[in-house]
Amino acid sequence: MGSEAWSDIFAKWPPGVPTRGVVITRQGEQVPFVGFMRTDHFLLIQRAAPDTVGARQVIVPFGEIAGLKLTEVVQQKSLREMGFEGTLPKT
């Protein structure tokens, strides 16, 4: 997935979806976040607690994002607002 696609996901983040999750980088690092801001090229993510070197915020180029984990159950309507299509089974 290209950097424009990741930028688009975060740009279309619906207001009703909590801004919590885990960004997975191409190096395999998993960065949990409780909030984010974005530019055209970068994602700034805020951690709930500092990491082992004391960093609370991380700036990641969109091109270095390999995946995104959602830590909250998200309704299909909100996922569609993010650009997803299809239907998920009810759990």
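Bear in mind that the values in this text are calculations on the coordinates, not laboratory data. Here the structure is a predicted model, which is why all the values come from computation and not from measurement. Glycine also receives a Cβ, built like all others from the backbone with ideal geometry; neighbour counts cover every protein chain displayed.
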Among the residues that make up segment 48-55, is at least one of them surrounded by 12 or more Cβ atoms within 10 Å (Cβ to Cβ), out of contact with any Pro (no Cβ under 9 Å at 6 or more places or on another chain) and under 24 Å from G2 (Cα atoms)? no
What are the residues in segment 4-31 that are touching a Lys or Arg at 6+ places or on another chain (Cβ under 6 Å) and either part of a loop (DSSP other than H, G, I, E, B) or farther than 15 Å from G63 by Cα (or both), if any? G21, V22
Would segment 60-77 turn up any residue that is surrounded by 12 or more Cβ atoms within 10 Å (Cβ to Cβ), in a loop (DSSP other than H, G, I, E, B), among the hydroxyl-bearing types (S, T, Y) and in contact (Cβ under 8 Å) with a residue 24 or more places away in the chain? yes
Mind checking which pairs have a first residue in segment 1-19 that is touching a residue at least 40 places away in the same chain (Cβ under 8 Å) and β-branched (V, I, T) and a second that is part of a loop (DSSP other than H, G, I, E, B) and surrounded by 14 or more Cβ atoms within 10 Å (Cβ to Cβ), Cβ under 7 Å, 6 or more apart or different chains? I9/M82; V17/V74
Hey, among P50, P32, which residue is free of Cβ contacts under 8 Å to residues at least 40 places away in the same chain and under 10 Å from the mean Cα position of the chain (by Cα)? P32
